[in-house]
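Undergrad: Take this structure first; my questions come after.
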Number of protein chains: 2
Amino acid sequence: MSTVKIAIIGAGSAEFSAGLVRDLCVNVGLHGSHVTFMDIDPQRLDMVALLAERLSDELDAGLRFEKTVDRTQALRGADFVINTAQVGGHAWTEAQRAMAERHGYYRGLGLHNLGQAAFFLEVARDIERICPNAWLIQSANPVFEGCTLMVRETGVKVLGLCHGHYGYRSVARVLGLDLAHVSAQIPGFNHWIWLTDFRYSGQDAYPLLDEWIASEAEAYWARTDQTRTYGDNQMTRAAIHQYQLFGCMPIGDTPRQVGWWYHTDLATKQRWYGHLGGFDSEIGWQQYLDRQYERVQQIEQVATEWDAPVSETFPPVQSGEQIVPIIDALVNDVSGLYQVNIPNRGQILPGFPEDLVVECQGMVSGAGIRGIAQPPLPRKLMAGAMIPRWERAELFVEALRGRERDLLLLYVLGDPRTASLKQANALLDEWLSDPRNERLALLFGEPRPS
Amino acid sequence: MSTVKIAIIGAGSAEFSAGLVRDLCVNVGLHGSHVTFMDIDPQRLDMVALLAERLSDELDAGLRFEKTVDRTQALRGADFVINTAQVGGHAWTEAQRAMAERHGYYRGLGLHNLGQAAFFLEVARDIERICPNAWLIQSANPVFEGCTLMVRETGVKVLGLCHGHYGYRSVARVLGLDLAHVSAQIPGFNHWIWLTDFRYSGQDAYPLLDEWIASEAEAYWARTDQTRTYGDNQMTRAAIHQYQLFGCMPIGDTPRQVGWWYHTDLATKQRWYGHLGGFDSEIGWQQYLDRQYERVQQIEQVATEWDAPVSETFPPVQSGEQIVPIIDALVNDVSGLYQVNIPNRGQILPGFPEDLVVECQGMVSGAGIRGIAQPPLPRKLMAGAMIPRWERAELFVEALRGRERDLLLLYVLGDPRTASLKQANALLDEWLSDPRNERLALLFGEPRPS
């Protein structure tokens, strides 16, 4: 058993930090470890640290905590850096969405991801300088493009983690299968993963899905009760249509991302994702934001209610997050299989560059993280889904990497809503001239006249 | 000196066939060869054969000719098969364009290329069966997708040829350079090639281009005189804008293909391609069709005017076509460098699959065709232009290869004009139900309800 030093960037996210501390309490091999909470918001830091201290004390985990608004200080001596920060928080993300909507892009086009990825690279460069042997666990999005950018630009050990792959459990649940007998292979890119192998008691389970589609899907889609929440995207009409289009079931966040044609307006979203229009409609997303806000309020209350133990709210059971078990596996050589995002070295996913970060199963142990090589993906999936998604990522990553406003422009021109060069340039000009985007504006230089 | 048997599929194209016979007369190493003209139009065949006989007699080339409407017969014993056929001729191409325009796709979206490529594959399969050692020289479009499809589906020796790369000479001419001292490297995919190296007397000639852009381009673009024809796309405002966007000058047909944003309507085309709107506007294309028609009339007249030698119209000088010199090089071991389209075996163009047909320089000799390996293309060009183009080709090729209507649908959904799933399906349904598309309809089966 070794103790480690873990730095959390963006630790003000109370639910994330508390969940991580809870998992550290559960994984006894990491008891006694040191956790540094870093955030630019000192008040949130205070709350998170208070909660963490109480939880560790109650569960006798002997964890030590530190809090700082100084990233450099947080990184000093770190063995693991977890980046969960969202630059500018939800407010800036929503402002960027609204800006894009004014230029004709309903629900935005994800421009905030560019600022996120540029920030990831700053953190990775700090790690190279301050704690070059640390593992960087990228938890905030965009995991796919952000991790690829860091892998291409630094020598840092980058690991992207997500829980979207658990979506196969929703498939199994809706089909009425006993999870204990379900197995799944779900390779791809983060938020773009596909159920290439799906078994129930060792037998191909796809026929069970086909049967459900034929006999039960319409009734399921017609339901508008409380079981159909904003987060319930896995078995939507869109996901099944994607399964039929590509020949593989899209898993987790994938059905949200695939296909602009499901997202042209609210009515279309509702047809494909149910009455709330899915996670990414104005209805579903607002519910998500509201729930996030309520959850923060609730955690804040728990942290300062001295009468009740916080472990009532955060009971000592392993969460769905893979982060702490993976740290345990690496540090204490507790080998296990995880769903990871790592460079495609050795052609884990045949046909893509070795410096592209892919999502796959990885064997994690004291020896490190070894990707489980996948057979070539079906040709239909490659041509229809994987190469098109890679193409977008490549533009995104190389735009940031080369500081190429031209590539940024091509990225916007590649959005199916863009109707003219003028429209794309107008959006980019406004976006880059926003004071909150100062660092990106510097990166991309002056706009080119056109 | 060896004689060969050459079969021309689509030989009714008089200009093409007459040019080829003229080149055979010029290349004395191929005198005495046997040429079979195959076409479905017997009248055109008669005219072509008459012209060819007269030309060979006048130039004493001892060529032997045969004509047939039976493809199997044409392929029997062939050493070289040249496929220059356009399925359904210009009429069917224009009908498909009009159909697409009715569905909201101004100037169409190239659906005729799918029928072409499917036909190429039929020819390649015939070659596998009838003359498996023959070289297939693919001259009709789409060379990129069509050759890739044939390479993936057959064992035939496929060579795609085009003259677009000579566009670098137009660049040189406009810059006032002496062609004898100009060299150029122009790799890529057919109709998607880039001037990665451009020299004048050994020195980088790009600064000369930059100077022209700064001082002379606007005056050049303002001209509307007879020097600005529909075919004059090489030095347009669009081509220069593409050079600025991607960092490399697009060559030949490339500036016509890159960027939907130059093609949204006639006024936009005129802004970017000059007063005719370029080759692909309703004005430019009609001029091209008119010229083609006039040329056919002219050749027909020449063929039947017994008073004048046809070699006055087709003088014995090597044309711009590479076909006959390459046949000579292969047959008589006359080694030389050519611009070829061949499979990317050995990673001639690093980063693309080995079974993708790329355009590159090739050393042609009795030993065969050896691609000249290229250094990695600039990252900006890869991310901005090459990978996006490959993505489209992959969908196209795999749709035909797998007989996947779903991929065909994704191909149409990937067109920036497509605004809904319904629009894409409506176009495909009409297109596949056209009696002229019977073979493709069989290939893609029944439309899927959506």
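The values are calculated or read from the model by the stated rules, or taken from the named source; none is laboratory data. Since this is a predicted model, take the numbers as computed values, not measurements. Ideal geometry is used to build each Cβ from the backbone, glycine not excepted, and the neighbour counts take in all protein chains shown. Remember, those area values only see protein heavy atoms, side chains included, never the ligands or the DNA or RNA. Shrake-Rupley method; radii C 1.70, N 1.55, O 1.52, S 1.80 Å.
Undergrad: Looking at the protein assembly as shown only, what percent of DSSP beta bridges run antiparallel? Nearest 5 please.
TA: If we restrict to bridges inside the protein assembly as shown, about 55 percent are antiparallel.
Undergrad: Using 0.36 nm per residue, how much length does the chain from A:D265 to A:A95 gain when fully extended, once their Cα-Cα distance is taken away? Write down the numbers at each step before the final one.
TA: Details: separation 170, 0.36 × 170 = 61.20 nm, distance 1.93 nm.
So the extension gain works out to 59.3 nm.
Undergrad: Another question, if that's okay. About its Cα centre, how strong a charge dipole does chain A have in debye, to the nearest 20, once Lys and Arg get +1 and Asp and Glu get -1 at the Cβ?
TA: Computed about the Cα centre, the dipole is about 1080 debye.
Undergrad: Please state the charge dipole magnitude for region A:140-281, taken about the Cα centre, from unit charges on C-beta atoms (+1 on K and R, -1 on D and E), reported in debye and rounded to the nearest 20.
TA: So the magnitude is around 240 debye.
Undergrad: Also: Output the peptides A:93-102, B:272-281 sorted from most to least packed, where packing is the average of other Cβ atoms within 10 Å over each peptide's residues. Could you put the intermediate results ahead of the total?
TA: Numbers: A:93-102: 16.7, B:272-281: 22.6.
Most protected by this proxy first, the peptides run B:272-281, A:93-102.
Undergrad: Taking the label point 7 Å from Cα in the Cβ direction, how far apart in nm is B:V317 from each other copy of itself, listed shortest first?
TA: Relative to the other copies, B:V317 has label-point distances of 8.7 nm.
Undergrad: Sorted by mean Cβ packing within 10 Å, highest first, what order do the peptides B:4-11, A:352-359 take?
TA: The most tightly packed comes first, giving B:4-11, A:352-359.
Undergrad: Once you place label points 7 Å from the Cα toward the Cβ at A:H181 and A:Y288, how far apart are they in nm?
TA: So the two model labels end up 3.5 nm from each other.
Undergrad: From the residues B:T3, B:H112, A:G231, which one has its Cα farthest along the dipole of the protein assembly as shown in the positive direction, the dipole being from +1 and -1 charges on Cβ of Lys/Arg and Asp/Glu about the Cα centre?
TA: Of B:T3, B:H112, A:G231, it is B:T3.
Undergrad: What is the spin-label model distance, in nm, from A:Y166 to B:L50 if the labels are put 7 Å beyond Cα along the C-beta direction?
TA: The modelled label-to-label distance comes out at 8.1 nm.
Undergrad: Percent of accessible area on region A:209-338 owned by carbon and sulfur, 1.4 Å probe?
TA: On the way: 2870 of 5860 Å².
Of the solvent-accessible surface of region A:209-338, carbon and sulfur hold 49 percent.
Undergrad: Got a sec? Which residues of region B:369-389 lose 50 Å² or more of accessible surface with every protein chain in place, vs. that chain alone, 1.4 Å probe?
TA: The answer is B:R379, B:K380, B:A383, B:I387 - residues whose exposure falls by at least 50 Å² when every protein chain is included.
Undergrad: Sticking with this one: What is the calculated FRET efficiency for A:S201 to B:D333, with r their C-beta to C-beta distance and R₀ = 56 Å, to the nearest 0.05?
TA: It comes out at approximately 0.30.
Undergrad: Roughly how big is the A-B contact, given as buried accessible area in Å² (both sides, 1.4 Å probe, nearest 100)?
TA: So the buried area, both faces added, is about 3000 Å².
Undergrad: Let me ask you something else. Can you tell me the accessible area per residue over the protein assembly as shown, all protein chains present, probe 1.4 angstrom, in square angstrom? If you can, show how the numbers build up before the last one.
TA: Values: 35240 Å² over 900 residues.
Accessible surface, normalised per residue, equals 39 Å².
Undergrad: Could you work out the helix-only [θ] at 222 nm for chain B, with each DSSP H run of four or more residues adding -39,500 (n - 2.57) and the total divided by the number of residues, to the nearest 500 deg cm²/dmol?
TA: Counting only the DSSP helices, I get -14000 deg cm²/dmol.
Undergrad: What fraction, in whole percent, of alpha-carbon pairs in the protein assembly as shown exceed 44 Å separation?
TA: Here the long-distance tail beyond 44 Å is 38 percent of all Cα pairs in the protein assembly as shown.
Undergrad: Is there a simple number for the mean count of other chain Cβ atoms within 10 Å of the Cβ of residues in B:239-247, and what is it?
TA: Counting other chains' Cβ atoms within 10 Å and averaging over B:239-247 gives 2.
Undergrad: Right, here's the next one. On average, how many beta carbons from a partner chain sit within 10 Å of the beta carbon of a residue in A:414-420?
TA: 4
Undergrad: Which percent, nearest 5, of DSSP beta bridges in chain A are antiparallel?
TA: 55 percent
Undergrad: What distance in nm separates the simple spin-label points at B:D355 and B:D225, each placed 7 Å from Cα in the Cβ direction?
TA: 5.4 nm
Undergrad: From the mean inverse distance of alpha carbon pairs (Kirkwood) and the Cα radius of gyration, derive Rg over Rh for region A:97-218. Present the calculation step by step, with values, prior to reporting the outcome.
TA: Values: Rg = 19.5 Å, Rh = 17.4 Å.
Value, to two decimals: 1.13.
Undergrad: Distance between the C-alpha centers of region A:96-151 and region B:169-191? Whole Å please.
TA: So the two Cα centres are separated by 41 Å.
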